[in-house]
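Input: a single structure, listed below in structure tokens.
The values are calculated or read from the model by the stated rules, or taken from the named source; none is laboratory data. Because the structure is predicted, anything quoted here is derived from the model rather than measured. Cβ placement follows ideal geometry from the backbone for every residue including glycine, while neighbour counts extend to all protein chains displayed. Heads up: the accessible areas ignore ligands, DNA and RNA and are worked out on the full protein's heavy atoms, side chains in. Shrake-Rupley method; radii C 1.70, N 1.55, O 1.52, S 1.80 Å.
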Amino acid sequence: MKNNRAKCKSVLWQILPIEVLILLSLIALCIGTKFISPLSVILQTCSKTESVIITKIRLPRILICIICGALLGGTGAVFQGFFRNPLADPGIMGVCSGATFGAVLSGLLPVAAISFLSPATFFAFGGALLSAFCVFLFSKFFRGNSSVTLLLSGTAIGTFFSAIASIILLTHETDLHSFYVWTTGSFNAKGWKEFTVFIIPSVISFILLELSARHLDVLVCGEESAQTFGLNYKFLRNYVLIAGSLAASCAVCSGGIISFVGLIAPHIARKLYGPLHKTLIFQSMIYGGLLMLVADTLARTVVAPSELPVGIITSLVGVPFFMIVLVKMSGGKTQS
């Protein structure tokens, strides 16, 4: 009986954030420039105008927002596990800088809007994948296969793409406001077209991230020890790079560059559910979606009818959180 009760409590504890996410999604559907009664939404008694607002504007935006946060949270958990660094986040592989470069480059080329994506979004996705590919090739020139090699390669490639993007902005007439919104993150004007485009690669990313759990649990004991237990470290390195880069690319292209969600969500999940990656990665996705949904809801309601970039909200929360984690790390090293 005690074991059954313990299992029930464990299951309820794990599905609690999903229930909270559903509740917050309902609240997000109702609030905005025009408030819609929750009862009208639940009972489907909304007016035609309210139905259009919900189905055409708010619902796709909420879904894209949750998916973006889940991708960042899951990628952060995988990267923190692989690099064994609690400060690792989805941006360490240079994906964000590559996406920025692609978005800026699209302003120079005479390309028309693709039927399902804007040129900036399309080129950003390509730039993010290009950055990840460059990191992969660059790391091949080093003899070592360590995670440090990937980390340094990502930093170098990211800095390079950021520099190129800055040169383009300084030497050409571009829409600086659009670029600013891109670099601070926003889900404004995101609809079913964007959702349809990114749902398939996002689902693939979710599956790939979750499948890395068992290997990351073995890696906890260190690279050399893990290889003695039969772990193919080279395969895991390539696998994490592909899965994490695909997930981060989808996240960046769906919402722009949004900081700290991929850092905060894994820490919350690890604190509540422990270090085993099978649970940790999944819960990091849920809490990433939660954090992103709350941030986006605040971004579009705090100064309504205007809207704040969602990245500003996540940064206001993320910077103090980052400093707390950094202080704890420094304290632990000092005590040891």
Open item on the list: Taking the conditions exactly as written (among the hydrophobic types (A, V, I, L, M, F, W, C), at pLDDT 85 or above, surrounded by fewer than 24 Cβ atoms within 10 Å (Cβ to Cβ) and under 30 Å from residue 26 (Cα atoms)), does residue 67 satisfy them or not?
Closed with: no
Task: In the range 81-92, residue most open to solvent (accessible area, probe 1.4 Å) [restricted to those that are touching a Phe, Trp or Tyr at 6+ places or on another chain (Cβ under 8 Å) and not in a loop (DSSP other than H, G, I, E, B)] - done: 92
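For the range 220-276, please list each of the helices (runs of 4 or more DSSP H) lying entirely inside it that holds at least 3 residues being in contact (Cβ under 8 Å) with a residue 40 or more places away in the chain and out of contact with any Cys (no Cβ under 7 Å at 6 or more places or on another chain).
On the way: elements: 223-228, 233-255, 261-273.
Hits in the range 220-276: 233-255, 261-273.
The rows are residues; the columns are (1) within 26 Å of the chain's Cα centre (by Cα); (2) at pLDDT 85 or above; (3) open to solvent by 50 Å² or more (accessible area, probe 1.4 Å); (4) more than 29 Å from residue 249 (Cα to Cα).
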site: 1; (1), (2), (3), (4): no, no, yes, yes
site: 9; (1), (2), (3), (4): no, no, yes, yes
site: 20; (1), (2), (3), (4): yes, yes, yes, no
site: 54; (1), (2), (3), (4): yes, yes, no, no
site: 79; (1), (2), (3), (4): yes, yes, no, no
site: 98; (1), (2), (3), (4): yes, yes, no, no
site: 104; (1), (2), (3), (4): yes, no, no, no
- [ ] List every residue pair whose Cβ atoms sit under 8 Å apart, with the two residues 6 or more apart in sequence or on different chains, where the first one lies in the range 85-109 and is closer than 20 Å to residue 73 by Cα and the second, anywhere, is in a loop (DSSP other than H, G, I, E, B) and open to solvent by 10 Å² or more (accessible area, probe 1.4 Å).
- [x] 89/259; 89/260; 91/257; 91/259; 96/257; 99/257
Open item on the list: Whether any residue in the range 201-223 is touching a helix residue (DSSP H, G or I) at 6+ places or on another chain (Cβ under 6 Å), under 25 Å from residue 56 (Cα atoms) and not aliphatic (A, V, I, L, M) is what I want to check.
Closed with: yes
Open item on the list: Could you list, ordered by first residue, the pairs with Cβ atoms under 9 Å in which the first is in the range 10-27 and within 11 Å of residue 286 (Cβ to Cβ) and the second is open to solvent by 60 Å² or more (accessible area, probe 1.4 Å) and assigned to a helix (DSSP H, G or I), at least 6 apart or interchain?
Closed with: 14/282; 17/272
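How many residues does the range 270-289 hold that are open to solvent by less than 50 Å² (accessible area, probe 1.4 Å), farther than 9 Å from residue 77 by Cα and over 12 Å from the mean Cα position of the chain (by Cα)?
Of all residues in the range 270-289, those open to solvent by less than 50 Å² (accessible area, probe 1.4 Å) come to 273-274, 277, 279-281, 283-289.
Now restrict to residues that are farther than 9 Å from residue 77 by Cα: 273-274, 279, 283, 286-289.
Still in the running and over 12 Å from the mean Cα position of the chain (by Cα): 273-274, 279, 283.
Number of matching residues: 4.
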TODO: Restrict the check to the range 221-244 and report whether at least one residue is surrounded by 22 or more Cβ atoms within 10 Å (Cβ to Cβ) and not hydrophobic (A, V, I, L, M, F, W, C).
DONE: yes
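Would it be correct to say that residue 298 is closer than 23 Å to residue 247 by Cα and either open to solvent by less than 60 Å² (accessible area, probe 1.4 Å) or more than 16 Å from the chain's Cα centre (by Cα) (or both)?
Working: closer than 23 Å to residue 247 by Cα: no; either open to solvent by less than 60 Å² (accessible area, probe 1.4 Å) or more than 16 Å from the chain's Cα centre (by Cα) (or both): yes.
Criteria not met by residue 298.
Condition test on residue 303, is it within 18 Å of residue 32 (Cα to Cα) and open to solvent by 40 Å² or more (accessible area, probe 1.4 Å)? First the steps, then the outcome.
Numbers: within 18 Å of residue 32 (Cα to Cα): yes; open to solvent by 40 Å² or more (accessible area, probe 1.4 Å): yes.
Against the criterion (within 18 Å of residue 32 (Cα to Cα) and open to solvent by 40 Å² or more (accessible area, probe 1.4 Å)), residue 303 qualifies.
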TODO: Test each condition in (1) buried (at least 20 other Cβ atoms within 10 Å of the Cβ); (2) touching a His at 6+ places or on another chain (Cβ under 6 Å) for residue 254 and report the one that comes out false.
DONE: (2)
